[in-house]
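Shown next, in C-alpha cells, is the structure this report addresses.
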Amino acid sequence: MFETIQWTPDGVVMIDQTRLPLEEKYVTCRTYQEVAAAIRDMIIRGAPAIGVAAAMGVALGALHAGEADFDRQFETICDTLAATRPTAVNLFWAIERMKRLYLSLRGRPGDEIRRALVEEAQRIRGEDIEICRAIGRNGAGLVPDGKTVLTHCNAGALATAGYGTALGVIRAAVECGKRLDVFADETRPFLQGARLTVWELDQDGIASTLITDNMAGHFLKSGRIGCVVVGADRIAANGDVANKIGTYSVAVLARENGVPFYVAAPISTLDLTLASGDRIPIEQRAASEVTHILGRQVAPTGIPAENPAFDVTPARYVTAIVTERGVARPPYEESLRELVHRL
Ligand code: MRU
C-alpha cells in the first residue's frame, strides 16, 4: 500500500499525486521551501494532507534554521507555508498548532525546540489517520447496503495521512460487510476522481466506476445512487461547505432526486470564525488547467478560461456532516458548536 506522506531522515517524502495513476513516484522535500512548492503544485493535495505537509514543512524549516534570529526565521517559514493555498483551513490549523507549540517552548534550548516540533508534526500525521478511522466508523451506518455511493474529487488516503474522510466512510462500510458500488466523478479540471480516487480504491480492492462530472445528474435520477459522500476543505459555522468545484452541483442534484448528501471531515476542517460560507476564500488556479488536459491543449489558443478550484455548498443541501466526534445534523450552528466542545 502506498504512503501519502512520511517524515524520514532524508526529509519529507510524498507520493507525487501529479503523476498518478501512470507513475507511482515518491518525491523527497529537503527544505521547507520544497514542501511549500509541493503543496502549491499539488504534488500533495487534499485538506488534511496539506495540513500534515505544512506541519512537516514547519518542522523541516526549524530543523535547518540557524540559532541567530530564530524567531524571525520561524515566522518566515510559517508565512511561506501559509501562502501556498488559501481555501483548506487545515493548512492554517496545522501551522497555528506548530506556532502554539513553539511559543510554549520559547527560551528552551534550540535542539529541544527542534525535536519537539518534529515530534509534533509526526503526531499530527498519526492523529490524522486515527481521526479518519473514527470518521469512517461514525459514517459507515449512513451508507445503504447494496446501493451505489457517489463521490466527487478525492477525499481518500491520498488526501489525508491515510484511510481518508469520504473514502474512509466507504472503506469502513465495506469493512462492516456492506456490498457497495462506488461511482467517482472524474472531477475536471484536475481530474482527482479519474486519476486518484478510482486508482486508490482499486489498490484496496474496492470496485469503482468512473463517470464524467456531467453524468452525475443522470445517475442520481436513476435511483441507483443510495447516497453521496464527499470531503470538505472548510466548513463555516452555519454548515456551508467549501469543497472541490462541482460539489455544489452534485448537492443540488442529490436534493432534487431525494438522495442524501453527506460531508465527511475532521473537526480541523471547521472554521467557526466564519458565520457563513460567503467569506470562505476560493482559490483561483491557472486558466491553463482548463484549456489543457494533462498538458495537451483542448481549447483555442488564447481563449479566456475561469478556474475556481472550489465552490460552496449551502448548508440546506447537506444532510449530515460526519466527523471523528460524531455526526452533526441541521441546524448546524448548534450541532457543530456542540461537537467542537465535546471532549
Ligand atoms: O484541490 P484539492 O485536490 O486539494 O481539493 C481537494 C478536495 O476538494 C477534497 O475533497 C477535500 O480537500 C477533502 S480531502 C479529505
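Bear in mind these aren't lab numbers, they're just calculated from the coordinates by the rules spelled out. What you see is a predicted model, and the numbers here were worked out from it, not measured in a lab. Positions of Cβ are backbone-derived with ideal geometry, glycine not excepted, and every protein chain shown enters the neighbour counts.
For the reader, a short list of remarks on this structure follows.
- Label point distance in nm, ASN257-LEU105, each placed 7 Å from Cα along Cα→Cβ: 5.1 nm
- Cα centroid separation - region 1-33 against region 214-264, whole Å: 31 Å
- Straight-distance candidates among the lysines for linking to LYS147, with alpha-carbon spacing under 21 Å and chain neighbours fewer than 8 residues away dropped: LYS178, LYS221.
- Summarising the overall dimensions of region 248-308 from its C-alpha atoms, the Rg and Dmax are 16.9, 44 angstrom.
- Electrostatic tally near SER208: other residues with Cβ closer than 10 Å to its Cβ, Lys and Arg +1, Asp and Glu -1, net -4.
- Distances between placed amide hydrogens fall under 5 Å for THR209 paired with VAL182, PHE183, ALA184, all partners being 5 or more residues away or on another chain.
- Calculated mean residue ellipticity at 222 nm for the chain: -12000 deg cm²/dmol, from DSSP H runs with n ≥ 4 weighted as -39500 (n - 2.57), summed, divided by the residue count and rounded to 500.
- Estimated Rh, region 138-340: Kirkwood, alpha-carbon pairs, angstrom: 17.1 Å
- For region 119-220, diffusion coefficient by Stokes-Einstein and Kirkwood Rh (Cα), 37 °C, 0.692 mPa s, µm²/s: 238 µm²/s
- DSSP-defined beta bridges in the chain - what % are antiparallel, rounded to 5: 50 percent
- Calculated from backbone phi, Karplus (6.51, -1.76, 1.60) coupling profile of region 229-243 in Hz, x at Gly/Pro: 10, 10, x, 8, 9, 6, 10, 7, 4, 8, x, 5, 10, 8, 8
- Estimated Rh, region 1-78: Kirkwood, alpha-carbon pairs, angstrom: 12.8 Å
- Compactness of region 35-80 as Cα Rg over 2.2 N^0.38 Å, two decimals: 1.20
- Remark: region 86-173 projects, on average over all directions, an area of 6.9 nm² (convex hull of Cα atoms).
- Rg in Å to one decimal, and Dmax rounded to a whole Å, for the chain via C-alpha atoms: 19.7, 65
- Evaluated at q = 0.15, 0.17, 0.23 Å⁻¹: base-10 log I(q)/I(0), Debye formula over Cα of region 30-122: -0.48, -0.62, -1.11
- Integer Hz, Karplus 6.51/-1.76/1.60 couplings in order for region 218-226, x for Gly and Pro: 4, 6, 5, 6, 6, x, 7, 8, x
- Helix 332-341 axis versus longest C-alpha principal axis of the chain: approximately 40°, rounded to the nearest ten.
- Degrees separating the helix 70-82 axis from the principal Cα axis of the chain, which is the longest one: 20 degrees
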